[in-house]
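Here is the structure we will look at.
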Amino acid sequence: MKIAVRMDDITPDMDWERFLAFKEILDAHHVRPLLGVVPDNRDENLHRAKAAGDFWEYIKELQEDGWCIALHGYRHVYATKKGGLFPLNHFSEFAGLSFEEQLDMLEKASEVLQRNGIKTDIFMAPGHSYDKNTLKALKKLGYTKITDGFGKKPYVWRDMIFYPISFMLGRSLKKKGGTTTMVIHANGIDEEAMAGYRRLFEEHEGSFISYGAYLLEAPVKRGFAGRCMEILLANVKRVLVKLRG
Ligand SMILES: [Zn+2]
């Protein structure tokens, strides 16, 4: 499969050293990722360094250079224990809240991006969790794309285009057709893991594509069977991750 890359948890106070180290790998292979920007981060776990004063200018420059930007929630604080429609985790910033509450949060989140000159219609849910009210609120605010779900191709479901993420990267790399997404949390990549990514990109040169190219792929319709399989896989993955501790 072809592999697009998304980087989660992009904040002014992220671990810049690790972000830039990963960016160096991407740049070396001419791969432009999707960045999940948290508009108003209040999650202490994501606070890793001194906040960069020129954060928004920098994000804007990356966008002008062809990097894609997604709205990664609002404050990245998990308020509920719901898994929603894609139950990879049983916690969420949005799933389980009322439509009005979610619309209000997402409106404020969008305003932060707009105020800082960033335009996007892509949503990246913190914890991968969203429910039907999240989708309804997003639609109302002009969002059309979600980075989540499982599958071999972008697909349309509930009037949104979903760009699937990889169930298991090793297996995705071996499969023949299709495209998926590798999810990166640069804050948590230590030196050894960074070296692993360097090797991965070298060994699979040609497999990695820019997120912008993924967005150009024509979506297919998601049927009932595909939807059932996705929920099953999400539950399996959640349990596997838990077992691995
Ligand atoms: Zn996140």
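The values are calculated or read from the model by the stated rules, or taken from the named source; none is laboratory data. What you are looking at is a predicted structure, and each value in this text was computed from that prediction instead of being measured. Using ideal geometry, Cβ is built from the backbone for each residue, glycine included, and neighbour counts are taken over all protein chains shown.
Quick rundown of the values:
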read-out	value
Which listed residue is crowded, with 20+ Cβ neighbours inside 10 Å, touching a strand residue (DSSP E or B) at 6+ places or on another chain (Cβ under 8 Å), in a helix (DSSP H, G or I) and not small (G, A, S), from L135, L173	L135
Test result for H90, surrounded by fewer than 22 Cβ atoms within 10 Å (Cβ to Cβ), away from the ligand (no atom under 12 Å from the Cβ) and at pLDDT below 95	yes
Single residue of segment 194-245 satisfying the filter (more than 20 Å from the chain's Cα centre (by Cα) and either at positive phi or of a type in the set (S, T, N, Q) (or both)) that is surrounded by the fewest Cβ atoms within 10 Å (Cβ to Cβ)	G245
Segment 114-136 - residue that is among the aliphatic types (A, V, I, L, M) and within 16 Å of the ligand (Cβ to nearest atom) and, of those, farthest from C68 (Cα to Cα)	A125
Subset of segment 13-48 (residues that are more than 16 Å from the ligand (Cβ to nearest atom) and under 22 Å from L71 (Cβ atoms))	W16, K23, L26, V31, R32
Hits in segment 27-47 (condition: in a loop (DSSP other than H, G, I, E, B), more than 26 Å from I3 (Cβ to Cβ) and more than 16 Å from the chain's Cα centre (by Cα))	D40, R42, D43, H47
